[in-house]
Structure formats: structure tokens, C-alpha cells
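Peer 1: Mind looking over this structure? Questions follow.
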Amino acid sequence: MQNPPGAFSDGERWYAVHTLPFAEARAEGQLHRQGFRTFQPKRHKTVRHARKSSTVEAPFFPRYLFIVLDLARHQWRSVNGTFGVSRLLTRGDQPHPVPRGVVEALIAAADARGILQLADKLQVGGQVRLMAGPFAEQLAILDDLDDTGRVRVLLDILGRQVAISTAANNVLPVS
């Protein structure tokens, strides 16, 4: 995240930008060079390749990022011609704003690098998705939260529940 939103001037709103595949960072960089303020929420993701796994930062909404625009003041049509951008989401021939409070809530839940920190939304007994580690992308039940930032989840493996412990930032609540 660059240029945190701060106070908006009259007419400014958040809009969604659809990017080309795997081009979120490129699009964001190009939009910054044009003077636009953007926000791209991220998460940690485990990537496996050739029996090796690593944890990387990945977009929370693949192929999307958010941009601040004032339609009366900004040259918003230039967004569609930006490298890495597929299109600005519109309704008819005008960009369609994201509902107020949605992006602001995401920003409030993100750290300085834009990585969402949703651990405070976790509830014991609730369903979660593991986002990192050997069981990445698996669904589990949150069994315990502690004050050190760790959680215990119950995974269904081979017909029985197995408890594993991981960092709270490695799980996302499933609604």
C-alpha cells in the first residue's frame, strides 16, 4: 500500500480495477506513477513446487485492486490504458464506486505492507481456511486462541480430527 487514504476531498471515492492475470503489482506501480492512490489487500500464501514449499505475499482478491478517484477531477479513462490493467469496473459508461466503508475496513485490518490481519475476527468453533504451511487452503475448525498469537485448529484427516497449531495470521475466518 502506498499513499494511505487519509482524508478524501469532496468527490473522491474508492473504485475497483480489474487487472491482467498476475499483473496486480505492475498495475499498482504504473497507477502510482500516474499519481493515483491505490490499495491492494494481500495475504500470505504457501506455494509448492518440486517438493519445496515457500510462503509468499499474494493478492487477497486476485486480479483486483482499489483506486481513489474523483470523476470530475481525474482523467479516469487513462486507468484503462495503464500497463497491467484490464479495465476499471463500470456501470454503464461510468466507473461504479465500491460501497462506502468496504475498502476502509480492509485498510483498517491491514498492516503497513497491506497484508490483512484478520486474527481479531476469529471465533472459537468457527470455520477457518489455512493460508500457509503444509495444509494451506484446507478448511478447519478453530479450537483455541491464545494471547501469544497462536491458534489450534482441528483438521479432518482420514476421517478423524487432528489438532495442529499455527500462527493466527495463517488462518482466515470463513463466513
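Peer 1: With the structure loaded, tell me whether Q94 is at pLDDT below 90 and either surrounded by 12 or more Cβ atoms within 10 Å (Cβ to Cβ) or closer than 20 Å to S9 by Cα (or both) or whether it fails that test.
Peer 2: Considered against the rule, which asks whether it is at pLDDT below 90 and either surrounded by 12 or more Cβ atoms within 10 Å (Cβ to Cβ) or closer than 20 Å to S9 by Cα (or both), Q94 comes out as no.
Peer 1: Picking from G126, G149, G133, which residue would you name as being closer than 21 Å to P41 by Cβ, of a type in the set (G, A, S), touching a Leu at 6+ places or on another chain (Cβ under 7 Å) and open to solvent by less than 40 Å² (accessible area, probe 1.4 Å)?
Peer 2: Just one listed residue meets the conditions, G126.
Peer 1: What single numbered condition from (1) farther than 19 Å from L130 by Cα; (2) touching a His at 6+ places or on another chain (Cβ under 6 Å) fails to hold for T55?
Peer 2: Unmet condition: (1).
Peer 1: May I ask you to say which residue of L69, L89 is more than 23 Å from R113 (Cα to Cα) and either surrounded by 13 or more Cβ atoms within 10 Å (Cβ to Cβ) or of a type outside the set (A, V, I, L, M) (or both)?
Peer 2: Going through L69, L89 in turn, the sole match is L89.
Each row is one residue, and each column tells you yes or no for (1) in contact (Cβ under 8 Å) with a residue 60 or more places away in the chain; (2) more than 26 Å from L158 (Cβ to Cβ).
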position: V103; (1), (2): yes, yes
position: G114; (1), (2): yes, yes
position: Q117; (1), (2): no, yes
position: K121; (1), (2): no, yes
position: V124; (1), (2): no, no
position: M131; (1), (2): yes, no
position: F135; (1), (2): no, no
position: Q138; (1), (2): no, no
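Peer 1: Condition (residue is over 19 Å from the mean Cα position of the chain (by Cα), farther than 24 Å from R100 by Cα, among the aromatic types (F, W, Y) and surrounded by fewer than 18 Cβ atoms within 10 Å (Cβ to Cβ)) applied to region 6-21: is it met by at least one residue?
Peer 2: no
Peer 1: Here's another thing I want to ask about it. Under 8 Å between Cβ atoms, which residue pairs at least 6 apart in sequence (or on different chains) link something in region 60-76 that is acidic (D, E) with a partner that is open to solvent by 80 Å² or more (accessible area, probe 1.4 Å)?
Peer 2: D70/D10
The values are calculated or read from the model by the stated rules, or taken from the named source; none is laboratory data. In this text, all values refer to a predicted model and were calculated from it rather than measured experimentally. Virtual Cβ from ideal backbone geometry, glycine too; neighbours counted across all protein chains shown. Ligands, DNA and RNA are stripped out before the accessible areas are found, and what is left, the full protein with its side chains, is counted by its heavy atoms. Shrake-Rupley method; radii C 1.70, N 1.55, O 1.52, S 1.80 Å.
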